[in-house]
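What follows is a short report on a single structure.
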There are 2 protein chains.
Amino acid sequence: MLFEVWAPQADRVALQLEGTTHDMEPHPVRTGWWLTEAGAQDGDRYGYVVNGGRPLPDPRSRRQPDGPEGLSAVVVHDDFPWQHPWAGRRLSGAVLYELHIGTCTDEGTFDAAAARLAHLAELGVTHVELMPVCPFPGRHGWGYDGVAPWAVHEPYGGPEGLKRFVDAAHAHGLGVVLDVVHNHLGPSGNQLPAFGPYFTDTHHTPWGAAVNLDAPGSDEVRAYFLESALAWLSDYRLDGLRLDAVHALADTRALPFLEELSTAVDVLSVQLGRPLFLIAESDQCDPRTTAPRASGGLGLHAQWNDDFHHALHTALTGESQGYYADFARAPIAALAKTLTRVFFHDGTYSSFRGRTHGRRVDRSRTPAHRFLGYAQTHDQIGNRALGDRLSATLSPGLLACAAALVLTGPYTPMLFMGEEWGARTPWQYFTDHPDPELAEAVRTGRRREFAAHGWAEEDIPDPQDPATRARSCLDWDEPAKGHHARVLAWHRQLIALRRTRPDLTDPDIAAVKVVHDEEARWLMFRRGDLRTVVNLGKEPAMIPLGRNNCQVLAAWEPVRPPQPDGAFHLPPESCAVLGPTSA
Amino acid sequence: MLFEVWAPQADRVALQLEGTTHDMEPHPVRTGWWLTEAGAQDGDRYGYVVNGGRPLPDPRSRRQPDGPEGLSAVVVHDDFPWQHPWAGRRLSGAVLYELHIGTCTDEGTFDAAAARLAHLAELGVTHVELMPVCPFPGRHGWGYDGVAPWAVHEPYGGPEGLKRFVDAAHAHGLGVVLDVVHNHLGPSGNQLPAFGPYFTDTHHTPWGAAVNLDAPGSDEVRAYFLESALAWLSDYRLDGLRLDAVHALADTRALPFLEELSTAVDVLSVQLGRPLFLIAESDQCDPRTTAPRASGGLGLHAQWNDDFHHALHTALTGESQGYYADFARAPIAALAKTLTRVFFHDGTYSSFRGRTHGRRVDRSRTPAHRFLGYAQTHDQIGNRALGDRLSATLSPGLLACAAALVLTGPYTPMLFMGEEWGARTPWQYFTDHPDPELAEAVRTGRRREFAAHGWAEEDIPDPQDPATRARSCLDWDEPAKGHHARVLAWHRQLIALRRTRPDLTDPDIAAVKVVHDEEARWLMFRRGDLRTVVNLGKEPAMIPLGRNNCQVLAAWEPVRPPQPDGAFHLPPESCAVLGPTSA
């Protein structure tokens, strides 16, 4: 087996394999690389010794059985007995389901989560979007502190566990998308600086030195992340990747890293003969993110549309703190704008940023499915002081309205696990840092952050308390109970409608027509022959349909058919989907 | 007269005008602005008092009669008696002449430089590109340390002096381009931070905190620089601006500042009814810089092509230090590449940067005149240890070859003042900082920088020594003397050829055909029916023309016509331009 590692500044590098040391030679062609040949098999422990010292894990380690700071283990990907052939699933027509392995079940493993896949198949979603699964110190965490970007967190089940999960998903006809973090590594356990210039002081990020995408040595750093992306897609048979916070990728080169990445993924898609896609998280409201490379774009296949979320959230809750402020001034109008123009901030002033923000999307060239629409995500729940979901404060009727807006709206819908039954479990910020200093810094940091916004420090859950993670686990007894079952049935009904009615997956954003009444708090949007009507207000609403040949296709609660004059009456906090009468 | 100033964090602002204080009111509409009405006329001294303290110069001051830190003076632009109507001159077909007012003549004024414009008109150039003219502390300097981006350096002649210069240029049929600096302000005398968030710590630049183009308050900072650009073009009747080091404009917004700027300049061009252009200095080798906005570009009209310079410089001198290293490996081939592909680094490895650099230009969509071609600039001369020109080390024959490559090449040619006669005066790094600490820091900083490259510190000219600036002034007795007259005549002949032969201003870069011999050190390029042949070697060269119906249109020294078999013989360090025989 060939062992290779990039360590351009090292004087000498050795492989330590199952206790035996093998000196490595400089690679004859690839500058800065070292290599050696050694007999090894799946599971063998190894590490690299750089200029003496203790053996460090392989930067491209696929498995860290003893945690991110321990030795790596050889993984022979070809050995896995895949059972279910997979042709891939496209993003157009998709419904995504964001899932955190560590809290989807009490066990917090791939296998335990796989046992819930039948529920997802029945719900009707098309893809599971896994939150990050790369190793981080400790057992529990959100996963954005990963430090081994090629490996799989051992407590979740390691590489084999992920493969079993993906294979099980395929058995249910579900695709899998993985959240990957290229913009930083976690604050503890990062061994990369010992190997090479993976980070640069040229740019600063919220997490310290930036990943080196444009300073000396950056060719290999780009290759490191780019090849990891390709490896995830091919070795684990994934359909796509979610790219965390791409706005934090500091990159001044003429060929942006993200454009290189999207090109490589498109090539791989052709090679593998199945669709592959990249979904960016971006706070830039920049159409260039998803614009085709040929027209000067980065060529990413989709991006999260936070503006749609913010408009929806303020319309539902009336909240106006932080970045919600601009949306909260006229939330129904903001929602109408994001339903038809994608971004609320498309060159408008952002009081949160103290400047103009965003840019108008060219709707004639950008299909609707390139944007994800959602009412809740791990961030929008977990970054709240108490990690409370919408279900903690909204009536089931308003949850139903949120579902109608997301699931019949123009954008690729995404649900956060449990949202489909209005789960009452919170999803809080939890960590499990073994380093006591870091643990304390995170604990007090979070309390202080929210104290600054008027919270009592003692009300903020302690991220390091095991109860915080436990509290955040889904309660799988919930969905069968009371209003949860009704909320779940509503989600199933809407997803089924999206699957069977082509109007609902029409890519033409410009064809979406919206009417709304800010004061009465109702909104109606039309997609082809279908109309979605939501009444977010506390009073019954009369919505003028403008035509009298509509029938009710789905309604959260019993409603009368539209009047002959086209007037449609909706109870408070309720919603319906209307279609043409068959006549 | 209305006095307005942006001071968003101020509690109170007052205008001090000719010794009288006028309290200012918050602007009724424009947030953060203050205004007052006061009777004033051209020349009146004024300043703004922010939260008490001494009156500071107006950030948008047009004139600083007592230096950048003194009071501002009212300038009434409409009063200037322009004599020579000006319809503008396009960049296509242009030949630029970079000129530094402070060293063009011993006097160092606009008026003294204007007296030399007849020489430029006779030379045949179309535009003077003035190095920065904004006020900086002290009398002499390169100008990149300016701190009043809307005003004109008083020792040069102030706003009226610049207008007289431009009017005189127009009288000679010459356009004027101005070098403006948006990426930083000088280290001394910068009063802007007292008014508002003009700078941000979010990004770092070689000059400290970055100009704030994307942090809170950046809308007004963008407007400040954007409106200054428009003011230069309209108030002073300029044809274009050269934008200093655009790669140092840290800007993450979806709508880049440079795209806003190019849009505004194109709009102004329509309003004024004359062509206007922006020329970027950029080290990014990024085709997006000059690509049209509609195809995702920044829409700038041109950029300096440093790669062409570096290839030419290494081919002429054999130097290989710093960024010349990659070019020096096969300099004639590098020159051939830049003549046909624009950038040498178009996705190739840059050893100077330790990474891949640049991107291929789409020649089918990018006219040749969007790139400037030059053998010398203020930077490439002045940033050398001794500020020595090519003429200090090269034979007149090699200077003639450089001229042939620049003036018959595909790119918009630019000469640095004096280059046309092979001036022997150096152009050194000189400053005149009144602040003794800064003066000493600059002096020792420069000496140490070059000591690190093997120079003896005492050999490095002292930037603060008045003799350094004096040494850098052109000697206007030179051009009439000896080989200088011959070099000058050669430049005139080539520029005349460029004007009269449409092949030489053909925008199609892909049509340029090059043949070269690395070992023999000759190169020939064809543009339509014309061929430019240069022999940079120390031996006579035989260049196979591949056809036998060529005649010599211009030759640096007497040559025989091409042989019947198409062989053309060139003496060492010599060059010629060939055209078709009339038959």
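Take every Cα pair under 8 Å whose residues are at least 6 apart in sequence, average their separation, divide by the length of the range B:188-255, and the relative contact order is 27 percent. Just need the relative contact order of chain B here, percent rounded to a whole number, with Cα pairs under 8 Å and 6+ apart. The normalised contact order for chain B reaches 11 percent.
Solvent-accessible surface, computed for protein heavy atoms with a probe of 1.4 Å, shrinks by 40 Å² or more for the following residues of the range A:208-222 when the other protein chains are added to the isolated chain: A:219.
Residue A:270 sits with roughly 120 Å² accessible to a 1.4 Å probe, with DNA, RNA and ligands left out of the calculation.
Here each label is just a point 7 Å from Cα along the line to Cβ, and for residue B:38 and residue B:548 those points are 8.4 nm apart. Each other copy holds its own label point for residue B:4; taking that point as 7 Å from Cα along Cα to Cβ, the gaps run 6.2 nm, nearest first.
Backbone N atoms of the range A:400-428 closer than 20 Å to the 7 Å Cα→Cβ label point of residue A:453 belong to residues A:416, A:425-428. Below 8 Å, C-alpha to C-alpha, sequence gap of six or more: please give me the relative contact order for the range A:288-389 in percent. Relative CO of the range A:288-389 lands at 25 percent. Between identical copies, the spacing of residue A:39 label points, each set 7 Å from Cα toward the C-beta atom, reads 10.4 nm from nearest to farthest. The slack between residue A:194 and residue A:499, meaning 0.36 nm per residue of separation minus the straight C-alpha distance, is 104.7 nm.
Mean residue ellipticity, 222 nm, helices only, chain B: the sum of -39500 (n - 2.57) across DSSP H runs of n ≥ 4, divided by residue count and rounded to 500, is -7500 deg cm²/dmol.
For residue A:475, the distances from its label point to the matching points in the remaining copies are 9.4 nm, ordered from shortest, with each point set 7 Å beyond Cα toward Cβ. Chain A has one residue whose beta-carbon comes closest to the axis relating it to chain B; that residue and its distance in whole Å are A:296, 1. Most tightly packed first, judged by the mean number of other beta-carbon atoms within 10 Å of their residues, the peptides B:277-284, A:138-145 read B:277-284, A:138-145. With R₀ set to 56 Å, the beta-carbon distance separating residue A:171 from residue B:271 gives a calculated FRET efficiency near 0.25. Helix A:218-235 and the longest principal axis of the C-alpha atoms of chain A enclose an angle of approximately 70°. In this assembly, the B-A interface accounts for approximately 1900 Å² of buried accessible surface in total, computed with a 1.4 Å probe and without ligands, DNA or RNA. Cross-link partners for residue B:481 among the aspartates and glutamates, with Cα-Cα distance under 16 Å and sequence neighbours closer than 8 places in the same chain left out: B:419, B:420. Tell me the label-point distance for the pair residue A:223, residue B:329, using the 7 Å Cα-to-Cβ offset, in nm and rounded to one decimal. If labels sit at residue A:223 and residue B:329, their model points lie 1.5 nm apart. Add +1 for every Lys or Arg and -1 for every Asp or Glu among the other residues with Cβ under 9 Å from the Cβ of residue B:379, and state the total. Every neighbour counted, the sum reads -2.
The values are calculated or read from the model by the stated rules, or taken from the named source; none is laboratory data. Predicted, not measured: the structure shown is a model, and the values here were computed from it. All Cβ positions, glycine included, derive from the backbone under ideal geometry; neighbour counts span all protein chains shown. Accessible surface areas use protein heavy atoms only, side chains included; no ligands, DNA or RNA. Shrake-Rupley method; radii C 1.70, N 1.55, O 1.52, S 1.80 Å.
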